[in-house]
Amino acid sequence: MNGAHDMGGAHGFGPVVQEENEPIFHGEWEKLALALNLAGPGTWNIDMSRFARENTPPSNYLSRSYYEMWAEGLETLIVEHDLVTVDELEAARRGETFEPVAEPRLTSDRVESAMRRGGSTRVDEAVAPLFEAGQRVRARVDAPATHTRCPQYVRGRVGVIDRDHGVFVYPDTNALGEGPKPQHVYAVRFEAEELWGPRSQGGAVYVDLWDDYLEAV
Amino acid sequence: MAHDHDHEHAESSELTDIELRVRALESLLTQKGYVDAAALDALVQYHEEKIGPRNGAQVIAKAWTDPTYKEWLLSEPTAAIASVGFEGRQGEDMVVLENTDEVHNMVVCTLCSCYPWPVLGLPPVWYKSAPYRSRAVSEPRSVLSEFGTELDDSIEVRVWDSTAELRYLVLPLRPEGTDDWTEEQLAEIVTRNSMIGTEVVVAP
């Protein structure tokens, strides 16, 4: 979707400001927002959670902190996946209590091994690549209203395949529950001038793009 | 007034709107049995204690002192990093970018905040912020200046936008005058920002 999350090249946000002696978390609620997302029941995938966070009016997206978005995204997901109702979310905020209906997926004794294992979206499947290193490609012009990982600033622009990263789950279908549609992901090199014209500061931008985002030039 | 809160008053019993919402989520999900309360504590502890930029610094220092390891790190980064003990969530498929006298690499995620957790920990606020995400790709040299990093015009700046599930770690240039330093001494001077690519490593 062409949402506020797709920020590459936008103007007006001002300078990058570093926080001195920044703590890992700013308050207990940030710890909880992270941990609840990681401990969750796992009935959704990473692309569904990204879509839940970005699919909000730009004014909301831009006024929330990272962990606020994570918390709000989790509320969206647990309702969408029928784990809880909106009424129950509101009742919980009033302090009401609930009966157990499920067993936790992740118990404390398994946290470290689960984090160390992670969850690669690389797919061990022999899918033929559509492009090869050195080839010129154009990022397709498209504007899906649903989740995609092809940023707007490269759409329609020509670059060169730098390297083939291998076969991965395709986010656009995965986010919609329409399957992994495994395909190759490439680092595509775009010259800065191709993206930003005469005002570019030189050099190049490398963007990881899936087969379906690209066409031969 | 939910948004009229003051972050300085941590001892206040008034919960902000977001604190209330997150606590409600916690009660709801733990009581219903979807989430194990003890797992929440273990998760926070893991992210506070087991991951962070000191991990990445160890990897970089090893690559600076051991040419065979460096070659492995560049060709099979995920395995080479795991051999030092760092692996897993948000580092499942790593790529290491080597800075040279001709090329400076810098990493961003314009679409969200993808970051190599096992080696760098959780991302700092600036990395997740709109100014960095919007400008790193379009005006990298201006962004570098804001970090105090001025690169010669002859150096090519390459910005890597983490739009897929690859996670990028920059292998910075080893500073001059550190030839007789030990791996441990070198690890001390490798900063988080140098491994994101917004700074270079300088010897004190």
Expected single match for surrounded by 18 or more Cβ atoms within 10 Å (Cβ to Cβ), modelled with pLDDT of 95 or more and either closer than 22 Å to B:Val95 by Cα or of a type in the set (A, V, I, L, M) (or both) among A:Asp164, A:Asp211, A:Asp172 is A:Asp211
In the set B:Asp17, B:Asp6, the lone residue that is within 12 Å of chain A (Cβ to nearest Cβ), at pLDDT below 95 and surrounded by fewer than 18 Cβ atoms within 10 Å (Cβ to Cβ) is B:Asp17
Residues of the range A:119-139 being among the small types (Gly, Ala, Ser), within 11 Å of another protein chain (Cβ to nearest Cβ) and in a loop (DSSP other than H, G, I, E, B), in sequence order, are A:Gly119, A:Ser120
Reported set for the range A:27-41 where residues are in contact (Cβ under 8 Å) with a residue 12 or more places away in the chain, more than 16 Å from the chain's Cα centre (by Cα) and more than 7 Å from chain B (Cβ to nearest Cβ) is A:Glu30
**Study point:** Boolean, B:Val157 is β-branched (Val, Ile, Thr), touching a strand residue (DSSP E or B) at 6+ places or on another chain (Cβ under 9 Å) and over 22 Å from B:Phe86 (Cβ atoms)
**Key:** yes
From the option list A:Ser200, A:Ser120, A:Ser108, A:Ser113, single residue qualifying as within 17 Å of the chain's Cα centre (by Cα) and not acidic (Asp, Glu) is A:Ser120
Expected output for the range B:178-193 (first residue at pLDDT 95 or above, partner assigned to a loop (DSSP other than H, G, I, E, B) and small (Gly, Ala, Ser), Cβ below 6 Å, 6+ apart or cross-chain) is B:Thr178/B:Ala203
In the range A:64-74, residues that are out of contact with any helix residue (DSSP H, G or I) (no Cβ under 6 Å at 6 or more places or on another chain) and under 16 Å from A:Phe51 (Cα atoms) total 2
For the range A:160-215, the count of residues that are on the phi < 0 side of the Ramachandran plot and in a loop (DSSP other than H, G, I, E, B) equals 9
*If we scan the range B:54-74, do we find a residue that is under 21 Å from A:Glu68 (Cα atoms), within 25 Å of the chain's Cα centre (by Cα) and either more than 7 Å from chain A (Cβ to nearest Cβ) or touching a residue at least 60 places away in the same chain (Cβ under 8 Å) (or both)?*
no
Taking the range B:137-155 and keeping only residues that are more than 8 Å from every other protein chain (Cβ to nearest Cβ) and surrounded by 20 or more Cβ atoms within 10 Å (Cβ to Cβ), one is left with B:Leu144
Among helices (runs of 4 or more DSSP H) entirely inside the range A:53-118, those with 2 or more residues being facing chain B (nearest Cβ under 8 Å) are A:66-80, A:86-93, A:111-117
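The values are calculated or read from the model by the stated rules, or taken from the named source; none is laboratory data. Since the model is a prediction, treat every value here as computed from it, not as a measurement. Cβ coordinates were reconstructed from backbone atoms using ideal geometry, including for glycine residues, and neighbour counts include every protein chain displayed.
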